[in-house]
There are 2 protein chains.
Amino acid sequence: MSQMMQNVERQLREMILALEIGPGERLTERWIEGRFGASRTPVRAALLRLETEGLVGRDGRGWTVSPINLAELEQIAVYREAVEVAALRLTCGQADKSAIDVIEAMLDSCDENTPREEWHRVGMDFHIELARLSGNEFLFRAVRDAMTRLSRARWLEVRDETALGRAWLEHRAILAATRLAQADEAARLLSAHIVGSRDRLVTSLANDRRGLRARGFAVVAA
Amino acid sequence: MSQMMQNVERQLREMILALEIGPGERLTERWIEGRFGASRTPVRAALLRLETEGLVGRDGRGWTVSPINLAELEQIAVYREAVEVAALRLTCGQADKSAIDVIEAMLDSCDENTPREEWHRVGMDFHIELARLSGNEFLFRAVRDAMTRLSRARWLEVRDETALGRAWLEHRAILAATRLAQADEAARLLSAHIVGSRDRLVTSLANDRRGLRARGFAVVAA
DNA sequence: GATACCATTTTGGGATACCAACCTGGTATC
DNA sequence: GATACCAGGTTGGTATCCCAAAATGGTATC
């Protein structure tokens, strides 16, 4: 795998995740080609990869950036609950809990001066890194992929300070239970956290749907 | 997506799954090109897709058919246990249980005259179709992908009649509990089935490892 | 003014040409 | 005989060309 190919893929993914290309927008291979100064071969490789990540999809013969799909977000929440809880239970059964400190430090790195974008990223990485601790590559990838699919929606969500603070408290509670190897308690907290996040997310987007569409973002109802 | 591209992908996948190309074997884009009468563009697309399915991988600059990896098989079992149980619990909560009859009919379609290959296929489809009933696209895909990754290994497994019969009994017991909406019981049966299958599979392959390597199949130890 | 129709352009899929890196095999040197 | 080295072939990565199909836009017809 070459440099150019990885670059096109990475840059295009970042543009999509950062909503610089809006959900539902059409993509032409020729536009990408010109935008990144690559030829069509790496462009097509990047599109194929991003398709499996769910970030772009086919629209007849062409390509579109995947719209935000509320029904899909709900299904992803169920999916990630299954895999994240499984991963967390594995982690609870491990002797060495020192890696948890690293994750706690991630949470500590955010304070009131931290830019909103960073909170967003750390909030996702918390779940990804927590899943990595399980040592199971497939559970880890599943969580990472799910978070990627949720990423744009979470960025669009209007979250007030209290919701953000509550999420952080929940994260810490999950870590505390995991550190004590209280698998059932940790699993219960994580499930509740995921379900709560999903509800707030879907509610927020459904309420904002009109505004989002006005900004040119395709949002499919649940 | 065109005809040629899908065909190359489908045919190559079938050759790999049928072990017509052995685990660990090197692949060159030019060989595939000639073998299927396609040019490198669809070949490349097929390889990229199969890479995400875990059937082929990179070997430095080139491509190889993924070896059978016993450690990976164990991890996949944990992964599929999480997603299959989650899917089954969803299905148990549904009112309409008529779709279960279709799956039961799949099992009925196999008898002592059925070729081994068909037993193999139905054994996988049972789990895939059961997951589909959950209605959750992501759980379904996760199960389907996991079964794809397990497929070659299960084909190599030396299974005696009793093991095969036991698997069928377990499948029927799972369906019965699901039909009665006994979620906990169904989940327990499914978990036990998956763990048992994994143990038999890994044990069988580990015992046969020498013979498999002699046949030219790369088998990585756990 | 609406609509059916046709020429033009655009687009993605496929094929091919080219290149740089890498492997390979043979040869020259010690 | 061992080894260093070089030439030729092979391979994946990239760029580019061609094509059929689909979209587009303008025009003629009613």
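Each value in this text was obtained by applying a stated rule to the coordinates, not by laboratory testing. Treat the numbers as computed from the prediction; the structure is a model and nothing was measured. When we count neighbours, we look across all protein chains shown, and the Cβ atoms used for this are built from the backbone with ideal geometry, even at glycine.
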key: Average beta-carbon neighbours from other chains, 10 Å sphere, peptide A:132-139   = 4
query = Counting alpha carbon pairs within less than 8 Å and at least 6 residues apart, what relative contact order, in whole percent, applies to chain A?
reply = 28 percent
request  = Could you work out how far the C-alpha centroid of segment A:159-222 sits from that of segment B:143-222, in angstrom?
outcome  = 36 Å
query = Peptide B:83-93: average number of partner chain Cβ atoms within 10 Å per residue?
reply = 2
ask   = Averaged across the residues of A:68-79, what count of C-beta atoms belonging to other chains lies within 10 Å of each residue's C-beta?
value = 3
Counted charge near B:E72, where neighbours are those whose Cβ lies closer than 9 Å (Asp, Glu -1; Lys, Arg +1) = -1
ask   = From the Cα gyration tensor of the protein assembly as shown, with a ≥ b ≥ c the square roots of its eigenvalues, which class applies: rounded if a/c is under 1.5, or else prolate if a/b is larger than b/c, or else oblate?
value = oblate
query = With springs only between Cα atoms under 10 Å, which of A:F140, A:F126, A:F36 fluctuates most in a Gaussian network model of chain A?
reply = A:F36
remark   = For A:A222, inter-copy label-point distances (7 Å, Cα→Cβ), nm, shortest first, read 4.2
query = If amide H atoms are built 1.01 Å from N in the plane of the peptide, which residues on other chains or at least 5 residues away come under 5 Å of the amide H of A:W63?
reply = A:L27
ask   = Residue-wise, which Karplus ³J(HN,Hα) couplings in Hz belong to segment B:40-52, taking 6.51 cos²θ - 1.76 cosθ + 1.60, θ = phi - 60°, and x for glycine or proline?
value = 6, 4, x, 4, 4, 4, 4, 4, 4, 5, 5, 5, 5
request  = Provide the packing ranking of B:55-67, A:157-169, i.e. peptides ordered by the mean count of other C-beta atoms within 10 Å per residue, highest first.
outcome  = B:55-67, A:157-169
note = With x for Gly and Pro, the residue-by-residue ³J(HN,Hα) of segment B:176-192, computed from phi through the Karplus equation 6.51 cos²θ - 1.76 cosθ + 1.60 at θ = phi - 60° and given in whole Hz, is 4, 5, 5, 4, 8, 6, 8, 4, 4, 5, 4, 5, 4, 4, 5, 4, 4
